[in-house]
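*Asks:* Structure incoming, see below.
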Amino acid sequence: MSADPARNRWLVLVLVRIVASAGAVLGLMLLTRAAEWPPKLLGVAIVLCALYVMAVVPRALAHRWRTPPKP
């Protein structure tokens with residue numbers, strides 16, 4: 001029995017969203033617990049990168065995997 005490609009692709013999209021959310025939480029924790037500016041700046045950068053990944057990567061993967069229209 002072969003694996004359904006649509007199911008595997010859906011799992012990849014969900015995993016990307018979960019990992020990006022975990023990165024955003026990590027960045028927020030670093031931002032709130034840091035006492036000096038360099039770690040706070042790193043936390044802001046991590047949060048912004050995670051938000052970018054959450055917004056762009058799933059959409060790009062879905063676009064890449066979209067089936068072409070039939071002629």
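The values are calculated or read from the model by the stated rules, or taken from the named source; none is laboratory data. Since this is a predicted model, take the numbers as computed values, not measurements. Here the Cβ is made from the backbone with ideal geometry for all residues, glycine too, and neighbour counts use every protein chain on show. We work out accessible area using only protein heavy atoms, side chains counted, and drop any ligands, DNA or RNA first. Shrake-Rupley method; radii C 1.70, N 1.55, O 1.52, S 1.80 Å.
*Asks:* Short version: ³J(HN,Hα) in whole Hz for each residue of region 6-12, in order, from phi by Karplus 6.51 cos²θ - 1.76 cosθ + 1.60 (θ = phi - 60°), x for Gly and Pro, what are they?
*Replies:* Computed from phi, the couplings for region 6-12 are 5, 5, 5, 5, 4, 4, 5 Hz.
*Asks:* If Lys and Arg each add +1 and Asp and Glu each add -1, what is the summed charge of the other residues whose beta carbon sits under 14 Å from the beta carbon of Val56? Each step should come with its number before you reach the end.
*Replies:* Values: positive: Arg17, Arg59, Arg64; negative: none.
My count for the surroundings of Val56 gives +3.
*Asks:* In nm, to one decimal, how far is the modelled label at Ala22 from the one at Arg64, with both set 7 Å along Cα→Cβ?
*Replies:* Placing both labels 7 Å along Cα→Cβ, they lie 2.0 nm apart.
*Asks:* When the accessible area of the chain is split by element with a 1.4 Å probe, what percent falls to carbon and sulfur?
*Replies:* C and S atoms contribute 71 percent here.
*Asks:* Oh, and also: In whole Hz, what ³J(HN,Hα) sequence does region 23-33 give by Karplus (6.51, -1.76, 1.60; θ = phi - 60°), x for Gly and Pro?
*Replies:* Along region 23-33, the couplings run x, 5, 5, 4, x, 5, 5, 5, 5, 7, 9 Hz.
*Asks:* How large is the Kirkwood hydrodynamic radius of the chain, counting all unique pairs of alpha carbons, in Å? Don't skip to the end; give the middle numbers.
*Replies:* Values: mean 1/r = 0.0717 Å⁻¹.
Over the chain, the inverse of the mean reciprocal pair distance is 13.9 Å.
*Asks:* If you roll a 1.4 Å probe over the heavy atoms of the protein chains, what accessible area per residue do you get for the chain, in Å²? Mind showing how you got there, number by number?
*Replies:* Numbers: 5930 Å² over 71 residues.
Result: 83 Å² of accessible area for each residue.
*Asks:* Between Leu42 and Ala3, what is the spin-label point distance in nm, taking each point 7 Å from the Cα along the Cα→C-beta axis?
*Replies:* 3.4 nm
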